[in-house]
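One structure is given below, encoded as structure tokens.
The values are calculated or read from the model by the stated rules, or taken from the named source; none is laboratory data. Predicted model, so just to flag it, every value in this text is computed and none were measured. When we count neighbours, we look across all protein chains shown, and the Cβ atoms used for this are built from the backbone with ideal geometry, even at glycine. For accessibility, only protein heavy atoms count, side chains too; no ligands or nucleic acids. Shrake-Rupley method; radii C 1.70, N 1.55, O 1.52, S 1.80 Å.
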Amino acid sequence: AGNLKTDSVSIFREILDTIPPAIKLVAGVNLDLPFDSLMAVISWVVSDNQKLTEVKINGVVSNAVNGRFETLVPLVVGRTMVRILATDSAGNLSNDSVAVVRNPDKELPVVTPVGDYSGVYSYRGVPEWIMVGATDNDTVVKVLIQGSETQYLNGVYSYKAVIVPGVNLIPVEAVDRAGNRRYDTIRLTTRVFDRAGNSYSVAKMPDGCPYR
């Protein structure tokens, strides 16, 4: 009779996404920093062939800013690890990590005499106050004059040093928190009155000395 019957079946093939997100550290990010660097900005560019669903940096969700995922990281001396994890809509994961190095403090403290010790002073036969200032890029923890601990007040370290007639080379040592040590010397020249009361021309001690 020539009767025909036709039918059709639609076949869909699901294409699985197996490609994870691509993560690339932004060029020019400095990972080797001096001691004075307390924070660092680390940036990545993250892309996916389908759709990104989440990006975390050090476990915290990050949103893209101008196409970059970045974080501001507080630094300790030594290595600080920064990790990024990206997930796409198919559940594929990618991760990356970098080590940021904050180098140790190698800068020495700076010692500055308080006043001018370059003159010639009257020898009195008693210990005399020597005063210095000390600064550092971090923290000064100790200043020694003639090997002894000093008194500290209003930014000035002072010590009653043993003085002899003639030229005195008074050692000063400043130590910072990292153990860096600055050694310096203050030169102080004294002269003695004679029995007839004659004296050499003597200068006043530096401004601020308690015994002026």
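Could you calculate the contour length gain from residue 152 to residue 98, that is, 0.36 nm times the residue separation minus the distance between their Cα atoms, to one decimal place in nm?
On the way: separation 54, 0.36 × 54 = 19.44 nm, distance 4.32 nm.
Answer, rounded to one decimal: 15.1 nm.
Enumerate the aspartates and glutamates that residue 142 could reach by cross-link, defined here as Cα to Cα under 12 Å, with residues fewer than 8 away along the same chain left out.
173, 176
Given N residues in the range 100-156, what is its alpha carbon radius of gyration divided by 2.2 N^0.38 Å?
On the way: Rg = 15.5 Å, N = 57, 2.2 N^0.38 = 10.2 Å.
Scaled against compact globular proteins, the figure is 1.51.
Tell me, what HN-Hα J-couplings in whole Hz come from the Karplus equation 6.51 cos²θ - 1.76 cosθ + 1.60 at θ = phi - 60° for each residue of the range 54-59, using x for Gly and Pro?
Result, ordered by residue: 7, 10, 10, 10, 6, x Hz.
If the cut-off is a Cα-Cα distance under 12 Å, which aspartates and glutamates reach residue 51, setting aside same-chain residues fewer than 8 apart in sequence?
The qualifying aspartates and glutamates are 17, 88.
Roughly how large, in nm² to one decimal, is the mean projection of the convex hull of the alpha-carbon atoms in the range 71-204?
11.1 nm²
For an R0 of 22 angstrom, estimate the FRET efficiency from the Cβ-Cβ distance between residue 25 and residue 106 and round to the nearest 0.05. Each step should come with its number before you reach the end.
On the way: r = 28 Å, r/R0 = 1.25.
Calculated value: 0.20.
Sorting 48, 116 by accessible area (1.4 Å probe), largest first, what list results?
So, going from the largest accessible area down, we get 116, 48.
Report the semi-axes of the equivalent ellipsoid for the range 1-133 in whole Å, largest first, where each axis is √(5λ) for an eigenvalue λ of the Cα gyration tensor.
71, 10, 10
Taking the convex hull of the alpha carbon atoms in the range 115-190, what volume per residue do you get, in Å³?
Per residue, the Cα convex hull of the range 115-190 comes to 89 Å³.
Measuring from label point to label point, each 7 Å out along Cα→Cβ, what is the residue 192 to residue 54 span in nm?
Each label point lies 7 Å from its Cα, and together they span 8.5 nm.
Please list, in order, the residues from the range 21-57 whose amide nitrogen is less than 16 Å from a point placed 7 Å along the Cα→Cβ vector of residue 66.
Counting backbone N atoms under 16 Å from the label point, the list is 26-30, 41-46.
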